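Presented below is the structure to which this report refers.
The values are calculated or read from the model by the stated rules, or taken from the named source; none is laboratory data. Please read all numbers here as calculations on a predicted model, not as lab measurements. Cβ placement follows ideal geometry from the backbone for every residue including glycine, while neighbour counts extend to all protein chains displayed. Note: areas computed on protein heavy atoms with side chains; ligands, DNA, RNA excluded. Shrake-Rupley method; radii C 1.70, N 1.55, O 1.52, S 1.80 Å.
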Amino acid sequence: MCGIVGYIGDKTATPILINGLKKLEYRGYDSAGVAIYDSEDLKVVKCKGRLACLEDKVNVENLEGKIGIGHTRWATHGEPNDVNSHPHLSHSGKIAVVHNGIIENYMKLKEFLQSQGYEFRSETDTEVIAHLVDYYYKGDLVKAVMETVDELEGSYALGVICKDCDDKFVAARKDSPLIVGLGKGENFIASDIPAILEHTRDIYILEDKEVIVLTKDEVKVYDSLGAEVKKEIFHVNWDVSSAEKGGYEHFMMKEMFEEPKVIRDTINPRIKDGKIVLDNIKLTAEDLKNIDKIYIVACGTACHAGVVGKYVIEKLAKIPVEVDVASEFRYRDPLVSDRNLVIIISQSGETLDTLAALREAKRRGARILSIVNVVGSSIARESNDILYTWAGPEIAVASTKAYNTQLAAIYLVALDLAYKKGQIDDKELGRIIEALKGIPDSVDKVLANKEVIQKFASRHYNAKSIFFIGRGLDYALSMEGSLKLKEISYIHSEAYAGGELKHGTIALIEKGTLVVCPITQDTLVDKMVSNIKEVKARGAVVMAITQEKNTEIEKSADIVVTIPDVDPLVAPVVAVTPLQLFAYYMAIEKGCDVDKPRNLAKSVTVE
């Protein structure tokens, strides 16, 4: 999730932009840059790496302008390097743009602009915006930006400055955060409040498809039809720490509320004309004829996503799948060959055990398909095929939104494999695609109902041991729910397949034992109701998570947390959010630091 800062006023813009970007470092980034207009020319300075690198470069330059935009980039399209860093200049050099978000139709726009003689320097989707503004610019920057955003599909927060305009710059937003800071003799834009909090506490909160024109003395906001919008001033009374979290008490909660957006970002750009299009996966139907087994290799939460992947790939593509913990994979002399596809899953792309497993599989001749979040990471670079999750950076150590996007990516891979193999037809493909596209709205509804889980957690946070039981995909879901609880609340918990209760585990159930049961698979509801009755007969307290339609479960469980009725195949992407919320509220009630649980690191780069 990149950072944007923009300034216009009577002060030198550069230090304001740099300091503002520093306030956004928590968002994660791999490169940074500024564009300054000094009344004569647009000057752009940018570089890969930390802001300290950018500071060194701008100190060499003489950037004295009083209009500027700055950016910290977290790579999505194109690896982290100086060329792909923002701001991006138009072909003419008149327009500079910073952008957060993903432009889904950038390839179509790029092809059109190339046909008009525009040359591209970077691998980014953002450069399309700079050239498109230039294409529409006929002396009116505001009109050019409005015509440009009409062409954009996807999400964006934009800051645009023009060489011909010494008194204003333009911004716009859709599905990506952007706020306006209102000063005296100066005005600001930023992707989050901390960037401008030392200068002003009066802001405009912008709505989708609004276009903003800033001069040093006024701000005008227009809707998509060009009509001026009167905005109410919001006065910020948060402290800086809270503001960085966007008003949420913890990063973990903020990231859970980002799940609908990042799931859309992962799924929507990969669906075109009713088909799955994975640009960085080159596996053909012919290649698949030579693959007789798939290994999914990962650690922790990513491994649990892989267990879901096993169920889904085997069901749809009819290819045998084995899931391996990365830290064990290379030490067991795995029977991997050139007839195997190895799917590597990692949020950071730098997990050492997973990277070592990748290299071992590759040495044995396997083809590597990686599902990663960080563009240009070691795992991404060393893979044959890549699918980026585009979840944005996670600051909280316990993974939430990254897991949801890993699941979404796995479904896309499974559908791609199944369709290429002829295991599903157009009708079935379309049905599942529609189910995937409906997931974000369903997660929104779950988050809106979070108080039910909060109330339950407030009564049971003193539990000493908690069991998660499920069948089929719900067993995979139970594994992740159990891990999330352990990570942040420090409560002992275990996940078991529901059918295994009688094989020893039920001996641990006694009066007051808390049991959590995800039940989202239609064909297994009756079996799970029987399991609930078994543990209830021995004194357990049961929380069930199920679709709204399964009303009969209310007769057996102590509390039922409902999710919207969704296709059972994609239910894990929705049903994991209540489990994340449960872990969060249990930890909060115990007074734990949910963002930085003890002994844990966000990226595990040692064995």
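Checking Ser399 against (1) closer than 29 Å to Cys592 by Cα; (2) open to solvent by less than 10 Å² (accessible area, probe 1.4 Å); (3) in contact with a Ser or Thr (Cβ under 6 Å, 6 or more places away or on another chain); (4) not in a helix (DSSP H, G or I): exactly one of these is not met. Which one?
Single failed check for Ser399: (2).
Determine which single condition Gly68 fails, assuming it passes every other condition in (1) among the small types (Gly, Ala, Ser); (2) open to solvent by 10 Å² or more (accessible area, probe 1.4 Å); (3) under 17 Å from Leu51 (Cβ atoms).
(2)
Looking only at segment 17-66, which residues are in contact (Cβ under 8 Å) with a residue 60 or more places away in the chain, under 17 Å from Ser191 (Cα atoms) and of a type in the set (A, V, I, L, M)?
Passing the criteria: Leu21, Leu24, Ala35.
In this structure, is Leu477 modelled with pLDDT of 95 or more and touching a strand residue (DSSP E or B) at 6+ places or on another chain (Cβ under 6 Å)?
Taking the combined requirement at face value, the residue satisfies it.
Restricting to segment 34-53, give me the number of residues that are modelled with pLDDT of 90 or more and either aromatic (Phe, Trp, Tyr) or closer than 14 Å to Cys162 by Cα (or both).
Qualifying residue count for the region: 7.
Collect the residues in segment 537-552 that are crowded, with 18+ Cβ neighbours inside 10 Å and within 29 Å of the chain's Cα centre (by Cα), keeping them in residue-number order.
Met543, Ala544, Ile545, Thr546, Gln547
Taking segment 344-367, which residues are within 20 Å of Val308 (Cβ to Cβ) and part of a strand (DSSP E or B)?
Correct list: Ile344, Ile345, Ser346.
Could you list all residues from segment 183-200 that are buried (at least 22 other Cβ atoms within 10 Å of the Cβ) and either touching a Ser or Thr at 6+ places or on another chain (Cβ under 8 Å) or among the small types (Gly, Ala, Ser) (or both)?
Asn187, Phe188, Ala190, Ser191, Ala195
Among the residues of segment 15-24, how many are open to solvent by 10 Å² or more (accessible area, probe 1.4 Å) and either more than 23 Å from Glu218 (Cβ to Cβ) or in a strand (DSSP E or B) (or both)?
So the count comes out to 4.
Specify the residue that is nearest to the chain's Cα centre (by Cα); the eligible residues are those in segment 98-141 that are of a type in the set (Asp, Glu) and more than 20 Å from Gly70 (Cβ to Cβ).
Glu104
Considering only residues of segment 321-342 that are in contact with a helix residue (DSSP H, G or I) (Cβ under 7 Å, 6 or more places away or on another chain) and either outside any loop (DSSP other than H, G, I, E, B) or open to solvent by 70 Å² or more (accessible area, probe 1.4 Å) (or both), which is farthest from Cys299 (Cα to Cα)?
Once the filter is applied, the top-ranked residue is Val321.
Determine which single condition Gly504 fails, assuming it passes every other condition in (1) farther than 23 Å from Thr562 by Cβ; (2) touching an Asp or Glu at 6+ places or on another chain (Cβ under 9 Å).
Just one mismatch for Gly504, condition (2).
So which of Ala575, Ala540, Ala571 ends up being farther than 12 Å from Val443 by Cα and hydrophobic (A, V, I, L, M, F, W, C)?
Ala540
Of all the residues that make up segment 25-55, how many are within 26 Å of the chain's Cα centre (by Cα), closer than 29 Å to His91 by Cβ and part of a loop (DSSP other than H, G, I, E, B)?
Summing the residues that are within 26 Å of the chain's Cα centre (by Cα), closer than 29 Å to His91 by Cβ and part of a loop (DSSP other than H, G, I, E, B) in segment 25-55 gives 3.
Checking Ile410 against (1) aliphatic (A, V, I, L, M); (2) closer than 29 Å to Val446 by Cβ; (3) surrounded by fewer than 20 Cβ atoms within 10 Å (Cβ to Cβ), only one condition comes out false. Which one?
(3)
When only residues in segment 355-373 that are buried (at least 24 other Cβ atoms within 10 Å of the Cβ) and closer than 24 Å to Gly49 by Cβ count, which is modelled with the lowest pLDDT?
So, considering only residues that are buried (at least 24 other Cβ atoms within 10 Å of the Cβ) and closer than 24 Å to Gly49 by Cβ, the one modelled with the lowest pLDDT is Asn373.
In segment 125-165, which residues are assigned to a helix (DSSP H, G or I), farther than 20 Å from Ser39 by Cα and among the charged types (D, E, K, R)?
Scanning segment 125-165 gives Glu127, Lys143, Glu147, Asp150, Glu151.
Within segment 430-547, considering only helices (runs of 4 or more DSSP H) that don't extend past its boundaries, which have at least 2 residues that are over 30 Å from Val277 (Cα atoms) and touching a helix residue (DSSP H, G or I) at 6+ places or on another chain (Cβ under 7 Å)?
450-460, 473-489, 525-536
Checking Val58 against (1) part of a helix (DSSP H, G or I); (2) among the β-branched types (Val, Ile, Thr); (3) open to solvent by less than 10 Å² (accessible area, probe 1.4 Å), which test does it fail?
(3)
On the given criteria, is Asp416 open to solvent by 10 Å² or more (accessible area, probe 1.4 Å), closer than 21 Å to Asn290 by Cα and not in a strand (DSSP E or B)?
Judged against the criteria, Asp416 is a match.
Go through (1) open to solvent by 30 Å² or more (accessible area, probe 1.4 Å); (2) in contact with a helix residue (DSSP H, G or I) (Cβ under 9 Å, 6 or more places away or on another chain) one by one and return the number of the condition Lys230 breaks.
(2)
For segment 201-218, give me the residue count where each residue is surrounded by fewer than 21 Cβ atoms within 10 Å (Cβ to Cβ), modelled with pLDDT of 95 or more and of a type outside the set (D, E, K, R).
2
Check Asn531, Asn462 and return the single one that is buried (at least 18 other Cβ atoms within 10 Å of the Cβ) and either without any contact (Cβ under 8 Å) to a residue 60 or more places away in the chain or over 27 Å from the mean Cα position of the chain (by Cα) (or both).
Asn531
Has segment 553-567 got at least one residue that is in contact with a helix residue (DSSP H, G or I) (Cβ under 9 Å, 6 or more places away or on another chain), assigned to a loop (DSSP other than H, G, I, E, B), under 22 Å from Gly300 (Cα atoms) and open to solvent by 60 Å² or more (accessible area, probe 1.4 Å)?
There is no residue in segment 553-567 that is in contact with a helix residue (DSSP H, G or I) (Cβ under 9 Å, 6 or more places away or on another chain), assigned to a loop (DSSP other than H, G, I, E, B), under 22 Å from Gly300 (Cα atoms) and open to solvent by 60 Å² or more (accessible area, probe 1.4 Å).
For segment 440-459, give me the residue count where each residue is open to solvent by less than 40 Å² (accessible area, probe 1.4 Å) and closer than 14 Å to Val542 by Cα.
The qualifying residues number 3.
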